[in-house]
Amino acid sequence: MKEKKLIIFDMDGTLVDSSLTIANAINFVRSNLGLSEMPSNNILKKVNDHTINPSIYFYNAPKFIPQHEKWFNDYYTNNHKKELRLYDGVERLLEKLKQNDYALAIATNAYRVSALESLNFLDIMSYFNSIACYDDVKAGKPAPDMLYKVLNELNISKKESLFIGDGERDEEASLRAKIDYIMVNWGFSDHKKTALSSIDEIEKIFF
């Protein structure tokens with residue numbers, strides 16, 4: 001894909017296996033709200049579901065509020081070092097893309113505090129030229145706001161960009177932004193459509 005200059009990645013479920021941390025953090029917020037624990041499988045199935053309002057589904061609230069963010073970040077800060085890992089081959093892929101002069105970015109529905117903690121802990125922060133998070137924009141994915149933010153910051157066109165993600169929220173955001181998209185299936189989503197199943201398959205596209 002020599003015509004591409006920028007590769008934008010979703011973070012959770014695409015680069016980072018944060019399934020345990022996300023499920024536990026959401027349940028930590030629920031416990032502080034006096035809600036019962038939600039099965040981890042239910043949480044992970046709905047994290048990328050663009051047809052639901054996540055604040056209603058997870059917290060019985062019409063929208064996310066700062067207290068939700070604080071509780072979520074508190075859990076993340078205290079536990080991410082024992083619960084996060086990179087998917088196999090991710091750092092190798094990032095290194096190869098950088099060596100071949102691609103600009104790299106992240107568009108994640110994680111809060112910025114959590115995202116930066118994750119990237120620093122996993123020692124991959126230095127690969128990225130731009131990072132767009134949920135609280136950086138007016139609307140998170142499936143809205144295209146994060147993708148527009150990255151394009152504007154790096155001054156790279158839609159045609160020269162590609163988005164890689166693991167869920168329907170990512171795909172919908174790419175469609176709205178009119179950016180080419182690759183779906184992967186090792187993340188949180190239960191795919192009913194064609195998706196790449198390994199980092200090796202991504203590498204074959206680029207190299």
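The values are calculated or read from the model by the stated rules, or taken from the named source; none is laboratory data. Please read these numbers as outputs of a predicted model, since none were measured by experiment. No Cβ is skipped: glycine too gets one built from the backbone with ideal geometry, and neighbour counts run over all protein chains shown. Keep in mind that these areas ignore ligands, DNA and RNA; they rest on the heavy atoms of the full protein, side chains included. Shrake-Rupley method; radii C 1.70, N 1.55, O 1.52, S 1.80 Å.
Summary of values
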read-out	value
The listed residue being more than 17 Å from I8 (Cβ to Cβ) and over 16 Å from the mean Cα position of the chain (by Cα), out of S198, S114, S157, S161	S198
Test: K46 is among the charged types (D, E, K, R) and farther than 17 Å from Y134 by Cβ	no
Count of residues meeting criterion [of a type in the set (F, W, Y) and assigned to a helix (DSSP H, G or I)] in region 60-74	2
Tally of residues being hydrophobic (A, V, I, L, M, F, W, C) and either modelled with pLDDT under 90 or within 26 Å of S197 (Cα to Cα) (or both) across region 1-52	15
Number of the condition not met by A61 [criteria: (1) farther than 19 Å from G165 by Cα; (2) open to solvent by 20 Å² or more (accessible area, probe 1.4 Å); (3) aliphatic (A, V, I, L, M)]	(2)
Filtered residue count, region 91-146, keeping only those that are part of a helix (DSSP H, G or I) and either among the charged types (D, E, K, R) or open to solvent by 10 Å² or more (accessible area, probe 1.4 Å) (or both)	19
Only listed residue being at pLDDT below 95, acidic (D, E), within 24 Å of D200 (Cβ to Cβ) and out of contact with any Leu (no Cβ under 6 Å at 6 or more places or on another chain), chosen from D135, D88	D88
Residue that is nearest to A139 (Cα to Cα) [pool: residues in region 28-45 that are in a helix (DSSP H, G or I) and open to solvent by 60 Å² or more (accessible area, probe 1.4 Å)]	K45
Contacts under 6 angstrom Cβ, first residue in region 1-22 being under 16 Å from K45 (Cβ atoms) and touching a residue at least 40 places away in the same chain (Cβ under 8 Å), partner in a helix (DSSP H, G or I) and open to solvent by 10 Å² or more (accessible area, probe 1.4 Å), 6 or more apart	S19/L44; L20/E83
Which listed residue is without any contact (Cβ under 8 Å) to a residue 24 or more places away in the chain and open to solvent by 40 Å² or more (accessible area, probe 1.4 Å), from K159, K204	K204
Where a residue in region 90-110 is within 20 Å of W186 (Cα to Cα) and its partner, wherever it lies, is part of a loop (DSSP other than H, G, I, E, B) and among the small types (G, A, S), with Cβ under 6 Å and at least six apart	N109/G140
Residue count, region 173-201 (criterion: at pLDDT 95 or above and either of a type in the set (D, E, K, R) or surrounded by fewer than 15 Cβ atoms within 10 Å (Cβ to Cβ) (or both))	4
